[in-house]
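Chemist: My questions all concern the structure below.
The values are calculated or read from the model by the stated rules, or taken from the named source; none is laboratory data. All of these numbers come straight from a predicted model, not from anything done at the bench. Here the Cβ positions follow ideal geometry from the backbone for every residue, glycine too, while neighbour counts run over all protein chains shown. The area values use the complete protein model at the heavy-atom level, side chains included, leaving out ligands, DNA and RNA. Shrake-Rupley method; radii C 1.70, N 1.55, O 1.52, S 1.80 Å.
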Amino acid sequence: MKIVNPWSGATIADVPADNARSVAAKYARARAAQPRWAAVPMKKRLDAIAKFRAALVAREDELAKTLTQEVGKPIRQSRNEIKGLLGRIDFFLAQSAKTLRDEKVFEDRGGKLEERISHEPLGVIANISAWNYPYFVGGNVFVPALIAGNAILYKPSEYATLTGLAIAEMLHAAGVPDDVFLPVIGAGDVGAALLKQPVDGVFFTGSYPTGQKIAAAAGKRMVKVQLELGGKDPVYVCEDVDIQAAAAAVADGAFYNTGQSCCSVERVYVHEAIAKPFIEAFVEEVASFRIGDPMDEATYIGAITRKPQLDVLKRQVADAKKKGATLLLGGKPLPGKGNRFEPTVLTGVDSTMAVMRDESFGPIIGIETVADDDEALARMNDSEYGLTAGVYTSDAKRAKAIMAKLEAGSVYWNCCDRVSPRLPWSGVKHSGIGLTLSTYGIQTFTRPKAWHLRGG
Ligand code: NAD
């Protein structure tokens, strides 16, 4: 399988891919190894993850370079992602033992009658991952799943293969047995072959269309399926904000990672009383973003990782313009061999336009003007997706009233595009089922077993 740098178009590596037979052999190894791993004391499993953390710190520069070269993420943002994983690991290291401890939930007759819950690992799980934040979306699964005693068949995205292989190498060097964490290399066909194996759980991060295929493939198995899918995340900017600060924050939320985050701001609704100055400040901010070689420290806008996404972006601009939107900035691919697109701002948009309905996953945003909070809420909830949604206002009561009615897994006040290890990460509607992160995101890799104990 060829690995191509999406900014330069150059082939940077050639790696052997798996096939149905090699995937089956890896499954057999994981199945045989899992009970031994589950029997390793929790302390030793935590030690291995702590060593993995140390390797991330020691190799940060080299790992960031690999990530930037294969996905086209600006180098500073690659380093931020690796640093961000450290905080998540710290949370799991601190919380796992107490979260997975046996619980006594009932006792009677002087302790003779007891009811307890233990948290058993699921067994062998498939972790099929996206490319846009391979350390985050992979780490949200494999770190707590390993701590909980599972073996993992880890399929990194074909666009983040080298990073996936580096993760496997670091985990093995840290003491996770080779057969307990097995990278499965390849594209969608290899992912489909993985789902033919009798795994005990499927943990997927990717698009809604692929999520539907995963759910269908796993449906007959009666195993746990978690799907973390796309979003069309809205932000509402009220008339009582600091306009410059809100414009800068929302622009960053929309364009960070070149707009290729599941929780990127994808729709902006602004109160009509400040629409004009807000849009001016927003466009000024976006126009200042430095586009360039992702290896350059000053770059903020890098490559579009997947070439076909350029057509999605072009189609969304054309559709919006045809239906009456105004193009204030950008709107077309940038010259060069790789996949590059101008940061793009559209106004005069409405909910009939693809740019306000379908996931863009690129450096493009539509800004719509609304008359009041009710209209903003109706627009924000008018989506097939429900990953995150945010409101900018200086009024706490107003913010909370709106947040309570937002149909999204995560809601934000005066922030956006944010993930915390302490909070559950989940979506509603087409944004998925199940969750990662928080203590629930540790327990999700286990099965609660009910113990009814009746002593003599
Ligand atoms: P994708 O759906 O194209 O691919 C995801 C993974 O599925 C890849 O590893 C791919 O090889 C594999 N795959 C493809 N077809 C398959 C099949 N038939 N059977 C099994 N596996 C298959 O998504 P992507 O382009 O890698 O990622 C972008 C999408 O992921 C966006 O929609 C984004 O919003 C979403 N995402 C969501 C979250 C979240 O936490 N909710 C996080 C990151 C990305």
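Chemist: Scan region 390-424 for residues that are open to solvent by less than 60 Å² (accessible area, probe 1.4 Å) and in a strand (DSSP E or B) and report the count.
Modeler: Residues that pass the stated criteria total 6.
Chemist: Do we have Gly175 as closer than 26 Å to Ile82 by Cα and either of a type in the set (Lys, Arg) or surrounded by fewer than 24 Cβ atoms within 10 Å (Cβ to Cβ) (or both) here? Write out each step before concluding.
Modeler: Values: closer than 26 Å to Ile82 by Cα: yes; either of a type in the set (Lys, Arg) or surrounded by fewer than 24 Cβ atoms within 10 Å (Cβ to Cβ) (or both): yes.
So Gly175 fits the description; yes.
Chemist: Being near the ligand (Cβ under 10 Å from one of its atoms), open to solvent by less than 20 Å² (accessible area, probe 1.4 Å) and within 16 Å of the chain's Cα centre (by Cα), is that true of even one residue in region 235-253?
Modeler: no
Chemist: On to the next question. Go through region 143-182 and count every residue that is within 27 Å of Asn339 (Cα to Cα), assigned to a helix (DSSP H, G or I) and of a type outside the set (Ser, Thr, Tyr).
Modeler: The total comes to 7.
Chemist: Further question on the same structure: Keeping to region 435-452, report how many residues are open to solvent by 40 Å² or more (accessible area, probe 1.4 Å) and on the phi > 0 side of the Ramachandran plot.
Modeler: Residues meeting the conditions: 0.
Chemist: Applying the selection to region 142-162, what residues are closer than 22 Å to Thr11 by Cβ, within 12 Å of the ligand (Cβ to nearest atom), touching a residue at least 40 places away in the same chain (Cβ under 8 Å) and not acidic (Asp, Glu)? Walk me through it before giving the result.
Modeler: Of all residues in region 142-162, those closer than 22 Å to Thr11 by Cβ come to 155-162.
Within this subset, residues satisfying the condition of being within 12 Å of the ligand (Cβ to nearest atom) are 155-161.
So of that shortlist, the ones also touching a residue at least 40 places away in the same chain (Cβ under 8 Å) come out as 157-161.
Those that are closer than 22 Å to Thr11 by Cβ, within 12 Å of the ligand (Cβ to nearest atom), touching a residue at least 40 places away in the same chain (Cβ under 8 Å) and not acidic (Asp, Glu): Ser157, Tyr159, Ala160, Thr161.
Chemist: Just give me the residues in region 22-74 being in contact (Cβ under 8 Å) with a residue 40 or more places away in the chain, open to solvent by 10 Å² or more (accessible area, probe 1.4 Å) and either of a type in the set (Val, Ile, Thr) or at positive phi (or both), in sequence order.
Modeler: Val40, Thr66, listed by residue number.
Chemist: Additional query: Taking the stated definitions as given, is Ala130 of a type in the set (A, V, I, L, M, F, W, C), within 16 Å of the ligand (Cβ to nearest atom) and crowded, with 16+ Cβ neighbours inside 10 Å? Step through it out loud before you land on a result.
Modeler: Details: of a type in the set (A, V, I, L, M, F, W, C): yes; within 16 Å of the ligand (Cβ to nearest atom): yes; crowded, with 16+ Cβ neighbours inside 10 Å: yes.
Considered against the rule, which asks whether it is of a type in the set (A, V, I, L, M, F, W, C), within 16 Å of the ligand (Cβ to nearest atom) and crowded, with 16+ Cβ neighbours inside 10 Å, Ala130 comes out as yes.
Chemist: For region 207-229, state whether one or more residues are out of contact with any Pro (no Cβ under 8 Å at 6 or more places or on another chain), of a type in the set (Ser, Thr, Tyr), near the ligand (Cβ under 9 Å from one of its atoms) and assigned to a helix (DSSP H, G or I). Reasoning before the result, please.
Modeler: From region 207-229, those out of contact with any Pro (no Cβ under 8 Å at 6 or more places or on another chain) are 207-220, 222-229; that's our starting set.
Now drop any that are not of a type in the set (Ser, Thr, Tyr), which leaves 207-208, 210.
Among the residues that remain, those that are also near the ligand (Cβ under 9 Å from one of its atoms) are: 207-208, 210.
Still in the running and assigned to a helix (DSSP H, G or I): 208, 210.
Checked region 207-229: at least one residue is out of contact with any Pro (no Cβ under 8 Å at 6 or more places or on another chain), of a type in the set (Ser, Thr, Tyr), near the ligand (Cβ under 9 Å from one of its atoms) and assigned to a helix (DSSP H, G or I).
Chemist: Could you give me the residue pairs with C-beta distances under 7 Å whose first residue belongs to region 116-130 and is over 18 Å from Leu229 (Cα atoms), whose second residue is open to solvent by 10 Å² or more (accessible area, probe 1.4 Å) and among the small types (Gly, Ala, Ser) wherever it lies, and which are 6+ apart or on separate chains?
Modeler: If the second residue must be open to solvent by 10 Å² or more (accessible area, probe 1.4 Å) and among the small types (Gly, Ala, Ser), the pairs left are Ile117/Ala450; Pro121/Ala38.
Chemist: For Ala193, state whether it is outside any strand (DSSP E or B) and either without any contact (Cβ under 8 Å) to a residue 40 or more places away in the chain or away from the ligand (no atom under 11 Å from the Cβ) (or both).
Modeler: Judged against the criteria, Ala193 is not a match.
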